Amino acid sequence: MDTKRLERYLESFAKNVQKESRDLLKAKKGNTKLGDSIDFTVTQDSNGYSVKFYMNYYGTFLDKGVSGNKVKRSFTNYKQSAETSPYSYKSKGPPVNVLSKWVKRKGLKPKGFGLGRDKDSGRFLSGLAIYISRKIKLRGIPSISFFSKPFGSNYNKLKEGMLKEFTEDITSYITTFTKNK
């Protein structure tokens, strides 16, 4: 049986989720490598179709947020309801060396923040990066649900439209089968 309509419909669903996720992320964070990394595949096997989404590993932390030691974070799941983030900082915060590179790249040099040394490498780190790391560990990272919201709204449309497309594929198959009989 030819299921090309269903496959095209699933690809359309995935493209919509991808575009809306990128647009929402851009509105919240500007142009990012994360937005460019959002991708998908639609594959068919003996069990049916599979739609898989991919993005840089840290995307899920921005999507669902990360709870801090003092502040619990929540996100909007694909069912469009609030849910507590499954991620949290326990004993360690975000890596200071990564934040130090970010501070340097952004050209941030506020007064009153000296330099500290990295325990492992002995390199000097920005005092601002140390401060940011501690603050993130306490307060966490707020969710922006840039993927969950578009996925959920498009998933609701998918359920409705998929039945129609599947019905069209079956009707086309039956018509072709009876003509060739």
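The values are calculated or read from the model by the stated rules, or taken from the named source; none is laboratory data. Just so it is clear, the model here is predicted, and its values are computed rather than measured. Using ideal geometry, Cβ is built from the backbone for each residue, glycine included, and neighbour counts are taken over all protein chains shown.
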| said: Which condition from (1) at pLDDT 90 or above; (2) part of a strand (DSSP E or B) is the one that I144 breaks? | reply: (2)
| said: Quick check on L128: is it closer than 30 Å to K79 by Cα and modelled with pLDDT of 65 or more? | reply: no
| task | Collect the residues in the stretch 1-50 that are of a type in the set (A, V, I, L, M, F, W, C) and farther than 25 Å from K64 by Cα, keeping them in residue-number order. | result | M1, L6
| What helices (runs of 4 or more DSSP H) lie completely within the stretch 1-100 and have 3 or more residues being in contact with a strand residue (DSSP E or B) (Cβ under 7 Å, 6 or more places away or on another chain) and closer than 30 Å to Y131 by Cβ? | 59-64
| field | Residues of the stretch 101-112 classified as touching a strand residue (DSSP E or B) at 6+ places or on another chain (Cβ under 6 Å) and within 29 Å of K19 (Cα to Cα), total | value | 0
| said: Taking the condition of being within 17 Å of the chain's Cα centre (by Cα) and exposed (fewer than 14 other Cβ atoms within 10 Å of the Cβ), how many residues in the stretch 59-79 meet it? | reply: 1
| task | Please specify each residue of the stretch 70-89 satisfying the condition of being touching a Ser or Thr at 6+ places or on another chain (Cβ under 7 Å) and charged (D, E, K, R). | result | K72, R73, E83
